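Notes for the one structure printed next.
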Amino acid sequence: MKYLKYEYEDRIAIIKINRPEVLNALNTGLVKELDSLLDRVADEEGVRALIIAGEGKNFAAGADIAEMIDMSPADARKFVFNDVYGKIEALPVPVFAAVRGFALGGGLELTLACDFRVFSTDAKVGLPEVKLGIMPGAGGTQRLPKLIGLGRAREMIYFGNIIDAATASAWGLCQWVVDGDPIEHAKSLAQKLMDRSPRGIEAAKKAINYGIDKDLNSGIIFEVNVWAELYSTSDQKEGMKAFLEKRKPNFTGK
Ligand code: CO8
């Protein structure tokens, strides 16, 4: 791989964006590599979490401006990477974005497709596209208002200002702000999740993703179906048996 690094250890997959010389700006080749790595993650035996991070001091300073400058509207339509970001969102395991330094534009949008954002205290994030004569095009106008509310999202998108980790945390944009390496913190969170049922988490993720843009009743119907399906799994039998036997469950994800 030219633009990404991959590790798989202790059932945790880690993808690092690796173009530090341009602050990890995202280009077409990089996003194609990300697409195929996501398939690999989904196929890893026993995988329980994915962490996405940047190599060096930054997460990603957005899409590659040098690649975008001469695009036509048709080129721009193909460039937005929504399928790949959708694939992150649909992965059956929890996905953590571990953010140091800049996460801007398409870089911040990538983190919005993850389940969780862990920021280091030096994180600086924003959607500065309007300063370039464009707007967010990889889910920013859709996912951000759902996450932090319309007012804050409009503020971030119209002003294009960069906010720090403390502000991002106060606005609910990230769940954790850490002094040290956000990858290590994400790993410890992923380890904690290993005590939980993978089937339960996968089903909950599916129901949350389904319901986010549906009316309440459709979401409730979907939830009941996914919930009832869990009663065909070993995880459900094991979880309840362990409770009654007063011991820790041994979930297999089956
Ligand atoms: N694209 C291309 N190159 C970049 C980018 C970028 N987004 N960001 C930084 N670089 C390059 C710089 O050109 C520079 O290269 P060189 O050393 O050859 O001159 C190198 O990285 C270091 O950058 P700076 O010298 O600018 O570093 P500073 O510390 O002075 O500034 C900033 C850091 C503030 C982050 C600054 O680099 C900056 O403003 N970058 C652009 C941020 C931005 O506008 N991002 C949004 C891009 S638009 C977008 O993401 C649209 C997404 C929509 C769909 C696509 C989905 C992926």
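The values are calculated or read from the model by the stated rules, or taken from the named source; none is laboratory data. Note that the coordinates shown come from a computational prediction; the quantities given were computed from them, not determined experimentally. Cβ coordinates were reconstructed from backbone atoms using ideal geometry, including for glycine residues, and neighbour counts include every protein chain displayed. In case anyone asks, the SASA skips ligands and DNA or RNA and just uses the protein heavy atoms, side chains included. Shrake-Rupley method; radii C 1.70, N 1.55, O 1.52, S 1.80 Å.
Of note:
- The residues of region 4-194 expose, per residue, 45 Å² of accessible area to a 1.4 Å probe.
- Solvent-accessible surface (1.4 Å probe) assigned to ARG143 amounts to roughly 50 Å².
- Acute angle (nearest 10 degrees) that the helix 216-229 long axis makes with the longest principal axis of the chain, alpha-carbon atoms: 50
- The chain: relative contact order as a whole-number percent, Cα under 8 Å and 6+ apart: 15
- DSSP beta bridge pairing in region 33-178, given as percent antiparallel to the nearest 5: 10
- Alpha-carbon centroids, region 167-189 and region 30-94: separation in whole Å: 20
- Gyration tensor verdict on region 75-138 (Cα atoms; rounded if a/c is under 1.5, prolate if a/b is larger than b/c, oblate otherwise): oblate
- At 0.890 mPa s and 25 °C, Stokes diffusion of the chain via Kirkwood alpha-carbon radius, µm² per second: 129
- The order of the peptides 186-197, 24-35 by mean Cβ neighbours within 10 Å, most packed first, is 24-35, 186-197.
- Computed from Cα atoms, the angle from the helix 182-193 axis to the main principal axis of the chain rounds to 20 degrees.
- Surface composition of the chain: carbon plus sulfur atoms hold 56% of the accessible area, using a 1.4 angstrom probe and ignoring ligands, DNA and RNA.
- Once the Cβ-Cβ distance of ALA170 and LYS131 is raised to the sixth power relative to R0 = 25 Å, the FRET efficiency obtained is 0.60.
- Within straight-line cross-link reach of LYS205, aspartates and glutamates at Cα separation under 15 Å, skipping those fewer than 8 residues along the same chain: GLU89, ASP115, ASP213, GLU223, GLU229
- Rounded tilt (10° steps) of 198-211 against the dominant C-alpha axis of the chain: 50
- With a 1.4 Å probe rolled over the protein heavy atoms of all chains, the accessible area of TRP176, TRP227 falls in the order TRP227, TRP176, largest first.
- Unit charges at the beta carbon, dipole of region 196-244: most positive-side option, VAL224, PHE243, PRO198: PHE243
- Close Lys pairs in region 4-194 (alpha-carbon distance under 17 Å; sequence gap of 8 or more, or different chains): 12.
- Debye log10 I(q)/I(0) at q = 0.16, 0.26, 0.31 Å⁻¹ for region 196-244, Cα point scatterers: -0.47, -0.91, -1.10
- Take the Cβ atoms of ALA76 and LYS241, set R0 to 51 Å, and the FRET efficiency comes out at 0.40.
- Mean separation of Cα pairs under 8 Å and 6 or more residues apart, divided by the residue count, gives region 27-116 a relative contact order of 42 percent.
- Around ALA49: net Lys/Arg minus Asp/Glu count, Cβ-Cβ under 12 Å: +1
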